[in-house]
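Participant: The structure is given below, and queries will be raised subsequently.
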Amino acid sequence: MLLNVLALIIAFSAVMLLLSLLVTSLSQTTQAILRLRARNLEHAVTRLLEMELDVHTRSRSRDCAARLLNSPDLALLDRRSDPNSLLSRFRGPQVSWVDPSVMREVLHKSQEDSAPPGEGKREGVIPSSVNVERVAQRFDRVEPAMSKRFAKIMRGISLAWAVVVAVVFQVSTPALVQRLSTDPAYRARVEGQASAIIEGSRVVLTAPKDAAEVAFEHLIERRPELATLRNGVDTLDRHPEATEERLAELLENHADRSAILADYDRLLEEALQAEVDQGIARTKATAQQLAAIDITPWQHDTRFYFDNGSAQFVNILGVLTTAILLTLGAPFWFRVVKQSMGLRDLLAPPERKNDKAPPAPKTAPPVLQEGAG
């Protein structure tokens, strides 16, 4: 009986893990496509400028922030011809992280008169009414708030995708538990896929390298003479997205600086596109694993939600329950599946254990490797 209960837990958790992996892949792909880190930085700069602008010029804060982040000192690679155009706003800003000391210099420089000699005074990117030193001081302290906001946005995106996945795949928690409980063949089939699901999930759950790191590694492969710069860039473990800025600083006196930065810019775009492509590929692979256990989009068609009767209400509540369970995250379900499988193997009768693995030689007891499993 206990083994049957464990088999039910493993099978149910394996389904939840697959659905959670789908949510994770979709969330990561959304973040990469929308460049949410860069948008988060632009939002922070916009709010800081809003605090300094009076009520009549507050509407300019977003435009000022976009122009500031597009300045030559910050947008070191691909600058926008018009950072406030509809296309630029859709694509998102280029810069996703700025060193506070650099931001202070750029703020002061952006407020200075930028007109050529003899053309009179011209207002800079930042209006003269803004106390740029106060903005710079606040920017020094804004990083924790930016991190919290980004995490909150990602939680919201994950929640939205959890609802979409549960609704589209029409997975009702009570119905799934009932089927796994009453259909031993289906339960055994899902349980049998648990090991493969565990192995496949490791790729999705491993934190991917930032596109900036990937682009820099490819740059070193193409230009081995730049390998000496690795130590100067690898120190940016906390902010890998600042690789662009750090690389430009290290190449300040390099004779081929412009060409190297252009190469890095192209490699960065390729890395960003690869990040999106990998997310889409992982999404498709997870969907195929779900199809292997009879879970496909709209498998019960629209009558699942719109048929008259009490079943409709039960199905909606069941799907919402699934969405709530998916918000626990793929790492949670990964641990549940793995721990349940370990407990099952520990409690399995000797004959079942012998069926899974040949007996060890009598002359040599089995050796348990530390960290195995």
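Rule-based calculations on the coordinates, nothing more; no lab input. Because the structure is a prediction, the values reported are computed rather than measured. When we count neighbours, we look across all protein chains shown, and the Cβ atoms used for this are built from the backbone with ideal geometry, even at glycine.
Participant: How do 273-280, 329-336 rank on mean C-beta neighbours within 10 Å, highest first?
Facilitator: 329-336, 273-280
Participant: If you don't mind, there's one more thing I want to ask. Please give, to one decimal in nm, the separation of the simple spin-label points placed at Asn131 and Ile198, each 7 Å out from Cα toward the Cβ.
Facilitator: Placing both labels 7 Å beyond Cα along the Cβ direction yields 6.0 nm.
Participant: I want the local charge near Phe12. Using Cβ-Cβ distances under 11 Å, sum +1 for each Lys or Arg and -1 for each Asp or Glu among the other residues.
Facilitator: My count for the surroundings of Phe12 gives +1.
Participant: Convert each backbone phi in the stretch 169-182 into a coupling constant with the Karplus relation 6.51 cos²θ - 1.76 cosθ + 1.60 (shift: θ = phi - 60°), then list the ³J(HN,Hα) values in order as whole Hz, x for Gly and Pro.
Facilitator: Coupling constants for the stretch 169-182: 8, 6, 9, 9, 4, x, 5, 5, 4, 5, 5, 5, 6, 9 Hz.
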